[in-house]
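Below is one structure, written out as structure tokens; the observations come after it.
The values are calculated or read from the model by the stated rules, or taken from the named source; none is laboratory data. In this text, all values refer to a predicted model and were calculated from it rather than measured experimentally. FYI the Cβ positions are ideal-geometry reconstructions off the backbone, even for glycines, and counts take in every protein chain you see.
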Amino acid sequence: MPRSRYAAALVLAILAGTLTFAPPVRANGNFVFYPTNDSYVSASAPNTNFDNQPVLAVAGNPTRISYLKFSVTGLLDPVIHARLRLHVSTIRDAGSRTGGTVQRAETNWLETSLTYANRPALTGSPLGAYGQVTANTWYDVEVTAAVADNGIVSFGISSADPNGAYYDTRESGSTAPQLLVETGLPGTGENVLLAAGDIASCDRDTDEQTARILDREPGTVAALGDLVYETGSPAEFANCYGPTWGRHKARTSPAVGNHEYLTANAAGYFGYFGAAAGQPSEGWYSYDMPAGGWHIVVLNSNCSKIGGCHAGSPQERWLRADLAAHPARCTLAYWHHPIFSSGDRERPELLPLYQALYEADAEILLTGHAHQYERFAPQTPNRVDDPAQGIREFVVGTGGRSLQPDFGTIVPNSEVRNGTTYGVLKLTLLPGVYQWRFLPVANQTFTDSGAGTCH
């Protein structure tokens with residue numbers, strides 16, 4: 001609804017007493033817990049207690065297993081994510097090619113009496129693993145499956161590799177182990193969007209790392225363009241994208257990028273996704289989330305391939321008609337090229353599309369192309385901070401192809417930036433409310449989370 005009409009409708013609703021207000025934003029709760037007990041055991045000294053040692057050792061031959069116990073308290077909402085964060089020691093040879101596998105452990109132990117002979121059993125399937133680790137560096141492993149509520153939780157970290165890793169203990173001060181727990185309104189597969197662009201290449205394996213995030217997360221996959229390098233050919237889609245993100249093709253709603261058009265008419269892209277990608281001559285379409293009341297618009301930011309993106313262009317006219325036909329309270333759009341970016345990749349020719357979304361009170365824009373993560377405050381098409389009616393843009397070019405760690409001039413309203421971490425943006429889209437969280441690949445520690453309301 002245009003703003004003038006919206007304002008008039010608002011006044012009438014207030015006078016009529018029919019206006020209902022959305023509940024306040026329910027931001028995610030973030031908790032940091034430190035171990036109440038931690039130590040390690042060694043098969044070479046089965047009756048020795050190592051609580052007086054300044055490190056936690058993990059190795060094979062001889063077997064050394066580290067244990068950590070936490071008391072989780074104060075959680076009022078469901079657990080959304082939990083991560084075990086460890087810091088590799090600075091002692092000589094602290095790093096390892098294999099950082100260790102994390103499992104649940106029984107809780108009936110104390111660090112002052114723990115030995116290999118009385119060690120608690122490791123239970124259940126592995127929760128995750130630390131890959132290659134480097135001295136004086138933090139690493140995370142996802143342990144959500146082990147943290148369901150308040151209570152005592154215990155972990156064991158083991159490895160068959162004789163090249164051991166050494167981590168700091170709870171007595172290490174600022175580098176002590178941490179259990180990071182996020183709580184909030186839980187998402188379901190029907191109200192979750194998982195987004196990233198700039199994804200696959202046959203000469204990299206980082207797209208497999210981000211695909212593993214999709215393996216564990218339910219929801220619609222929003223692939224934000226440049227899905228496979230270098231040219232988006234049919235062979236590249238089949239052999240490079242297919243084995244990784246292609247595992248989730250059936251739940252993917254893609255946007256087309258510029259690399260797809262290095263194959264004539266983006267034929268590899270449209271042939272691979274078929275009707276899910278829209279008409280091959282257009283590349284734009286829309287859909288509604290199965291739950292949450294959100295309308296989603298997917299656009300083609302390759303303006304020169306589709307008759308332009310200017311006011312009155314075929315895509316801009318279609319967009320305005322689609323928004324008028326779907327007057328949802330909450331609207332999200334995505335395309336490939338960023339309109340705002342501190343990565344020197346802005347595309348001002350997309351402003352007419354942004355303007356149409358702004359006039360329709362859209363909430364969120366997702367883009368890629370810059371191989372970085374950047375979050376903006378809600379803003380107008382003219383870069384004016386607008387917390388009441390502005391659109392919040394996320395740049396999520398972190399799908400796996402490569403990263404660009406350096407940012408150029410930091411543009412107005414940029415709130416968070418990272419150019420060194422692959423990952424996927426998870427959006428939980430609820431009635432009148434949205435939550436976001438950047439999910440990094442295994443062993444990486446950067447994340448970003450928050451919440452907002454619909455206009």
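Pick out the one residue from ALA267, ALA276, ALA321, ALA291 that is within 28 Å of the chain's Cα centre (by Cα), surrounded by fewer than 21 Cβ atoms within 10 Å (Cβ to Cβ) and in a helix (DSSP H, G or I).
Values: ALA267 fails: within 28 Å of the chain's Cα centre (by Cα); ALA321 fails: within 28 Å of the chain's Cα centre (by Cα); ALA291 fails: in a helix (DSSP H, G or I).
Step by step, each of ALA267, ALA276, ALA321, ALA291 is checked, and only ALA276 is within 28 Å of the chain's Cα centre (by Cα), surrounded by fewer than 21 Cβ atoms within 10 Å (Cβ to Cβ) and in a helix (DSSP H, G or I).
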Handout entry: Hits in the stretch 336-360 (condition: closer than 17 Å to VAL256 by Cα, within 22 Å of the chain's Cα centre (by Cα) and surrounded by 21 or more Cβ atoms within 10 Å (Cβ to Cβ))
Key = HIS336, HIS337, PRO338, ILE339
Practice task
Please enumerate the residues belonging to the stretch 34-81 that are modelled with pLDDT under 95 and of a type in the set (A, V, I, L, M).
Solution key: LEU75, LEU76, VAL79, ILE80
Completion exercise
Flagged in the stretch 228-241 as outside any helix (DSSP H, G or I) and in contact with an Asp or Glu (Cβ under 9 Å, 6 or more places away or on another chain), in numbering order, are VAL228, TYR229, GLU230, THR231, GLY232
Practice task
Check off (1) surrounded by fewer than 23 Cβ atoms within 10 Å (Cβ to Cβ); (2) modelled with pLDDT of 95 or more for ALA333 and give me the number that stays unchecked.
Solution key: (1)
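When the residues of the stretch 140-153 are filtered to those that are of a type outside the set (A, V, I, L, M) and within 23 Å of GLU111 (Cα to Cα), which remaining residue is farthest from the chain's Cα centre (by Cα)? Talk me through it step by step, then tell me what you get.
Just the residues of the stretch 140-153 that are of a type outside the set (A, V, I, L, M), to begin with: 140, 142, 144, 149-151.
Filter once more, keeping what is within 23 Å of GLU111 (Cα to Cα): 140, 150-151.
Values: ASP140: 14, ASN150: 25, GLY151: 27 Å.
So the residue we want is GLY151.
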Exercise for the section: Would you check if ARG85 is in contact (Cβ under 8 Å) with a residue 24 or more places away in the chain, charged (D, E, K, R), in contact with an Asp or Glu (Cβ under 7 Å, 6 or more places away or on another chain) and over 18 Å from PHE70 (Cβ atoms)? Expected result: no
Exercise for the section: Evaluate the following for ALA250: is it at pLDDT below 95, in the same structural domain as TRP335 (by TED's automatic domain parsing) and within 21 Å of THR188 (Cβ to Cβ)? Expected result: no
Problem - Of residues in the stretch 431-455 being of a type in the set (A, V, I, L, M) and within 9 Å of the chain's Cα centre (by Cα), the one farthest from PRO327 (Cα to Cα) - result: VAL441
Fill in the blank from the handout: Counting only residues that are surrounded by fewer than 22 Cβ atoms within 10 Å (Cβ to Cβ) and part of a loop (DSSP other than H, G, I, E, B), the stretch 306-318 contains a total of 7
Handout entry: Output for the stretch 154-175, where each listed residue is of a type in the set (A, V, I, L, M, F, W, C) and more than 25 Å from the chain's Cα centre (by Cα)
Key = ILE157, ALA160, ALA165
Handout entry: Of residues in the stretch 370-401 being within 16 Å of the chain's Cα centre (by Cα) and either of a type in the set (Val, Ile, Thr) or surrounded by fewer than 16 Cβ atoms within 10 Å (Cβ to Cβ) (or both), the one farthest from TRP245 (Cα to Cα)
Key = VAL395
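Condition first: in a loop (DSSP other than H, G, I, E, B) and buried (at least 18 other Cβ atoms within 10 Å of the Cβ). Now tell me which residues in the stretch 177-212 satisfy that. Give the derivation first.
Pass one, the stretch 177-212, residues in a loop (DSSP other than H, G, I, E, B): 177, 184-191, 197-199, 201-205.
Hits for the stretch 177-212 are PRO177, GLY184, GLY187, ASN191, GLY197, ASP198, ILE199, SER201.
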Problem - Test for ASP168: is it modelled with pLDDT of 95 or more and either among the aliphatic types (A, V, I, L, M) or under 30 Å from ALA276 (Cα atoms) (or both) - result: no
Completion exercise
By my count, strands (runs of 3 or more DSSP E) wholly in the stretch 78-161 with at least 3 residues that are within 30 Å of LEU185 (Cα to Cα) and among the hydroxyl-bearing types (Ser, Thr, Tyr) are 122-130
Exercise for the section: Check the stretch 151-171 and report whether any residue there is surrounded by 19 or more Cβ atoms within 10 Å (Cβ to Cβ) and acidic (Asp, Glu). Expected result: yes
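Mind checking which residues of the stretch 341-378 are small (Gly, Ala, Ser) and assigned to a loop (DSSP other than H, G, I, E, B)? Let's see the steps before the verdict.
Residues of the stretch 341-378 that are small (Gly, Ala, Ser), as a first pass: 341-343, 356, 360, 362, 368, 370, 377.
The answer is SER341, SER342, GLY343, ALA360, ALA362, GLY368, ALA370, ALA377.
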Practice task
Return the total of residues in the stretch 215-251 being touching a Leu at 6+ places or on another chain (Cβ under 8 Å) and in contact (Cβ under 8 Å) with a residue 60 or more places away in the chain.
Solution key: 6
Handout entry: Per-region count, the stretch 207-251, residues touching a Pro at 6+ places or on another chain (Cβ under 7 Å) and polar (S, T, N, Q)
Key = 0
Handout entry: Failed item, numbered, when GLU363 is tested on (1) buried (at least 18 other Cβ atoms within 10 Å of the Cβ); (2) more than 27 Å from the chain's Cα centre (by Cα)
Key = (2)
